[in-house]
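Everything on this sheet refers to the single structure shown next.
Nothing in this text is a laboratory measurement; each read-out follows from the coordinates by a stated rule. Note that this is a predicted model, so its numbers are computed, not measured. Because the Cβ atoms are built from the backbone with ideal geometry, glycine has one as well, and the counts that use them run over all protein chains shown.
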Amino acid sequence: MLNSDENLSGGVRSPESLTKADLAENLYEELGFNKREAKELVELFFEEIRNALEHNEQVKLSGFGNFDLRDKKQRPGRNPKTGEEIPITARRVVTFRPGQKLKARVEAYAGTESEQ
């Protein structure tokens, strides 16, 4: 099992974030793709998700979670500097709902972190 400072290849990464470059590096190290192929595979994966969302499709990643689109209505807002009331326009946003397996793993990890 990896500790929180290791990536799949055993290399150390920033604890704050996992980047696309980290994912490509993991594909290179773990599966033997060359670096160009690994980078292209990561880009293709995210492009497929973007395309599905652009076409109003839900993205379901089993064991991970779902990306959905949600329409938000126009609502009143306020300029924090001036206090002036301004409308926040209606828009469509992407939401993510984690799956049960992801929730369980995050909760289990969060419990071990507080014990350290």
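For segment 79-104, the set of residues classified as part of a loop (DSSP other than H, G, I, E, B) and either more than 25 Å from the chain's Cα centre (by Cα) or more than 18 Å from L69 (Cα to Cα) (or both) consists of N79, P80, K81, T82, G83, E84, T89, listed by residue number. Just one of (1) loosely packed, with under 11 Cβ neighbours inside 10 Å; (2) hydroxyl-bearing (S, T, Y); (3) part of a helix (DSSP H, G or I) fails for S17. It is (3). Remark: P98 falls outside the filter, which requires a residue to be loosely packed, with under 10 Cβ neighbours inside 10 Å and at negative phi.
Which one is farthest from K101 (Cα to Cα), of the residues in segment 61-79 that are loosely packed, with under 13 Cβ neighbours inside 10 Å and of a type in the set (D, E, K, R)? Step by step, filter segment 61-79, then rank; the result is R78.
Of all residues in segment 43-59, those satisfying the criterion of being of a type in the set (A, V, I, L, M) and within 24 Å of V93 (Cβ to Cβ) are I49, A52, L53, V59. Taken over segment 33-69, the criterion of being under 25 Å from R105 (Cα atoms) and out of contact with any Lys or Arg (no Cβ under 6 Å at 6 or more places or on another chain) is satisfied by F45, F46, I49, Q58, V59, K60, L61, S62, F64, F67, D68.
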